[in-house]
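Student: Mind looking over this structure? Questions follow.
The values are calculated or read from the model by the stated rules, or taken from the named source; none is laboratory data. Everything quoted here is computed from the prediction, not taken from an experiment. Cβ sites come from the backbone with ideal geometry, for glycine too, and all protein chains shown count toward neighbours. Please note that ligands, DNA and RNA were not included when accessible areas were found on the heavy atoms of the full protein model with its side chains. Shrake-Rupley method; radii C 1.70, N 1.55, O 1.52, S 1.80 Å.
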Amino acid sequence: MTQLIDIFASIGLWSAVLRIATPLILGTLGALLCERSGVLNLGIEGIMTFGAMIGWLSVYHGADLWTGLLIAAIAGGLFGVLHSFLTVTLGLSQHVSGLGVTLFASSFSYYVFRMVVPVANTPPTIVPFQPLDIPVLSSLPFFGPAFFTQTAPTYLAIIIALLLAYIIFRTPMGLAIRMTGENPHAAEAQGVNPMVIRYGAVIAGSALMGAGGAFLTLAAFDSFFPTMMQGRGWICIALVVFASWRPGRALFGALLFAFFEAFQLRMQTMLGGAVPYQLFLMTPYILSIVALALMARRARVPQALMQPYRRGER
Amino acid sequence: MRFERREHRPLSLLILTPLIAVVSALAISGILIALAGAPVLEAYWRILAGAFGSRLAVSETLTRATPLILTGLAAAVAFRARLWNIGAEGQLYLGALAVAAAGSMLLGGLPGIVQIPLLLVTGAVAGMLFMLIPLWLRLRFSVDEVVTSLLLNFVAVLIVSMLIDGVLKDPMAFGWPQSYPVADDALLPKLIARSRLHIGFGIAIVLSIVIYFIQSRTVFGMQSRAAGLNPPGAVFAGVPLGRTLLKVACLSGGLAGLAGAIEVLGVKGYVTTDLSPGFGYAGIVVAMLANLNPIVVVLTALFTATMFVGADGMSRSMGIPTYIADVTVALSLLTMLVGLFHSQYRIRR
């Protein structure tokens, strides 16, 4: 019991929560933006992998960290163009197109990575983002080192979550996005072009996914290796449902999820040996499934999600 | 520019679409090979030679195609009913695990002729049961089965990892995490002597024909197609939707579990966490390239296996990452999607 209290009282746990949450926040917001406009983007797993790879590779070849992050976001956006072409212009099955984008983006990342970086026992590393102390707040006892000495992209991710909530619920553009996701025919009647909105939302959302992937290689770790994404993208898709398509709740969901993750990592060392470590590694996936089962019926799904829009066709 | 739905699909287009899709995917991959600084045509020539150049190469390609046919069928039967089972990878692993456990602990003493069918059924049942989880979540909680079946893939590999590190760990494996081997009697007979090709390949082909007949000649085949095309319409016409989906899920999960069982009994003899280099995911491409036709699945699985086996040899001699095979296969899924669109719509100005 005292050991449990020790875990909760440790600064390491709480600072890990924000670090683990960052890629999930960005990925979930990206998926949420796509889905609000009516497009399910299952390309997320591959797009995040590609972002992680290209961001790392750019920095490895001399770009600075922010440029690396930007390149990852742009690359994500390009995959967004591909996904929108398949699902919006051609109106193909969003499930299959998304899986196709994931398969292509992840195998393409591995190919490019292997082409440039030959096989080695220890993968090459870069100098990642360093913690950034927020003046005044970071000198608070306990809370300072736990919450206010994160890397810059973490703060950025939280700001983006709040900004996205504002855009979606408080601006005309947000209204147009929501309307396209609910009823594209009505949106068109109001003078909104659903095609343009969907393209925009999917490209911007995919850019967020790319940046989320890049956080892993540019801040959380310092190297790239295939299979590092470990289903984080799929967890983001589950978090969107858990968040009931609201950015604020997505932020909360990602933090809650990251808390469980950080907690199980510490339980793993505490109970090391007594319980197989694989049981702990399973928890994120099982938690996501449980969250889906709890929320799927209660959540308000955008009504036109997964329905292609073809002008003049019902 | 606008799209107009085709009144009827010309047969030539249906046959040409996958071919054009594959050729365009190969062309795009060619650019990537050129970027890696290798002569493109020679690379493709070496892929072909690596996959079909010798008796051994051919048998290796057919061996690799076997699990791909089965996972391709698993995806094809599920997708036809719009049941998005993306969990073939996990079902394959659970099938393999069940076979390794039953083969090494329970049934090891039985003669091969009894043991092999029992083990194959065990594997299929394990895959089936694992597929019932996402199905139950969909029917009971209306959770999209895509995400749950995907997430369960990770769980399945971790279950395998846990057991081959624990109760099933073979102490004779020099510390490597791998399961006890199944008995020698349980290994599938070879089709060609001194190669790895086993009768699993024959089983896969027979199953693809059987499934073709189930889909085109039985009530269940018609019901599963109706459930996919228009669920409310199907219910109105008297199709028991839940029960149909249950049967489809069992068939799909069973095929994927069988793929795992056959990999263990035909090739490895034991289970590890790298048993499958993504057979489950590649099965989705195999099914889509075949336009969900079970007979064509055999051909598209052969194409996929050719890429994987051929790229192994080509990569060693030309210094191009083997991932080129995965890239080409994924690209052919994307080009096939565009092709399918073209076979359904015509472009009008």
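Student: Could you say whether any residue in the stretch B:62-84 is in a helix (DSSP H, G or I) and more than 21 Å from the chain's Cα centre (by Cα)?
Tutor: no
Student: Further, regarding this structure: Taking the criterion of being of a type outside the set (Val, Ile, Thr), buried (at least 22 other Cβ atoms within 10 Å of the Cβ), under 30 Å from A:Asn183 (Cα atoms) and within 14 Å of another protein chain (Cβ to nearest Cβ), would at least one residue in the stretch A:59-80 satisfy it?
Tutor: The answer is yes; a qualifying residue exists.
Student: Does the stretch A:239-255 contain at least one residue that is open to solvent by 50 Å² or more (accessible area, probe 1.4 Å), away from chain B (no Cβ under 13 Å), of a type in the set (D, E, K, R) and more than 30 Å from A:Arg178 (Cα to Cα)?
Tutor: no
Student: Looking at (1) of a type outside the set (Asp, Glu); (2) within 14 Å of the chain's Cα centre (by Cα); (3) modelled with pLDDT under 95, which one does B:Leu110 not meet, given that it meets all the others?
Tutor: (2)
Student: Could you say whether any residue in the stretch A:37-56 is open to solvent by 10 Å² or more (accessible area, probe 1.4 Å) and small (Gly, Ala, Ser)?
Tutor: Checked against the condition, which is being open to solvent by 10 Å² or more (accessible area, probe 1.4 Å) and small (Gly, Ala, Ser), the stretch A:37-56 yields no hits at all.
Student: Considering the stretch B:173-212 alone, what residues qualify as being among the aliphatic types (A, V, I, L, M), free of Cβ contacts under 8 Å to residues at least 12 places away in the same chain and closer than 20 Å to B:Gly257 by Cα?
Tutor: Result: B:Val206, B:Val210.
Student: Quick check on the stretch B:170-188: of everything there that is in contact with a helix residue (DSSP H, G or I) (Cβ under 8 Å, 6 or more places away or on another chain) and open to solvent by 40 Å² or more (accessible area, probe 1.4 Å), which residue is nearest to the other protein chains (Cβ to nearest Cβ)?
Tutor: If we take residues in the stretch B:170-188 being in contact with a helix residue (DSSP H, G or I) (Cβ under 8 Å, 6 or more places away or on another chain) and open to solvent by 40 Å² or more (accessible area, probe 1.4 Å), then B:Pro177 is nearest to the other protein chains (Cβ to nearest Cβ).
Student: So which residues in the stretch A:273-314 are in contact (Cβ under 8 Å) with a residue 60 or more places away in the chain and of a type in the set (Phe, Trp, Tyr)?
Tutor: Within the stretch A:273-314, just A:Tyr309 meets the criteria.
Student: So, one more: If we scan the stretch B:69-80, do we find a residue that is of a type in the set (A, V, I, L, M) and open to solvent by 40 Å² or more (accessible area, probe 1.4 Å)? Step through it out loud before you land on a result.
Tutor: Filtering the stretch B:69-80 down to residues of a type in the set (A, V, I, L, M) leaves B:69-70, B:73-78.
Next, only the ones that are open to solvent by 40 Å² or more (accessible area, probe 1.4 Å) stay: none.
Scanning the stretch B:69-80 turns up no residue that is of a type in the set (A, V, I, L, M) and open to solvent by 40 Å² or more (accessible area, probe 1.4 Å).
Student: Hey, another quick one. Every residue in the stretch A:129-164 that is open to solvent by less than 30 Å² (accessible area, probe 1.4 Å) and in a loop (DSSP other than H, G, I, E, B), please.
Tutor: A:Phe129, A:Gln150
Student: May I pose another question? I'd like to check which helices (runs of 4 or more DSSP H) are fully inside the stretch B:260-349 and have at least 3 residues that are surrounded by fewer than 24 Cβ atoms within 10 Å (Cβ to Cβ) and within 14 Å of chain A (Cβ to nearest Cβ).
Tutor: Qualifying helices (runs of 4 or more DSSP H): B:294-318, B:323-344.
Student: Give me the pairs: first residue in the stretch A:259-272 and part of a loop (DSSP other than H, G, I, E, B), second residue open to solvent by less than 50 Å² (accessible area, probe 1.4 Å), beta-carbon distance under 7 Å, and six or more apart or on different chains, which are they?
Tutor: none
Student: Is it true that A:Thr217 is surrounded by 19 or more Cβ atoms within 10 Å (Cβ to Cβ) and either away from chain B (no Cβ under 14 Å) or at positive phi (or both)? Talk me through it step by step, then tell me what you get.
Tutor: Numbers: surrounded by 19 or more Cβ atoms within 10 Å (Cβ to Cβ): yes; either away from chain B (no Cβ under 14 Å) or at positive phi (or both): yes.
In short, yes.
Student: Given the criteria open to solvent by less than 10 Å² (accessible area, probe 1.4 Å) and either closer than 24 Å to B:Pro171 by Cα or within 14 Å of another protein chain (Cβ to nearest Cβ) (or both), does B:Gly95 qualify? Can you show your working first?
Tutor: Numbers: open to solvent by less than 10 Å² (accessible area, probe 1.4 Å): yes; either closer than 24 Å to B:Pro171 by Cα or within 14 Å of another protein chain (Cβ to nearest Cβ) (or both): yes.
Yes: the conditions hold for B:Gly95.
Student: Continuing with the same structure: When the stretch A:165-177 is examined, which residues are found to be open to solvent by less than 60 Å² (accessible area, probe 1.4 Å) and either outside any helix (DSSP H, G or I) or not hydrophobic (A, V, I, L, M, F, W, C) (or both)?
Tutor: A:Thr171, A:Gly174
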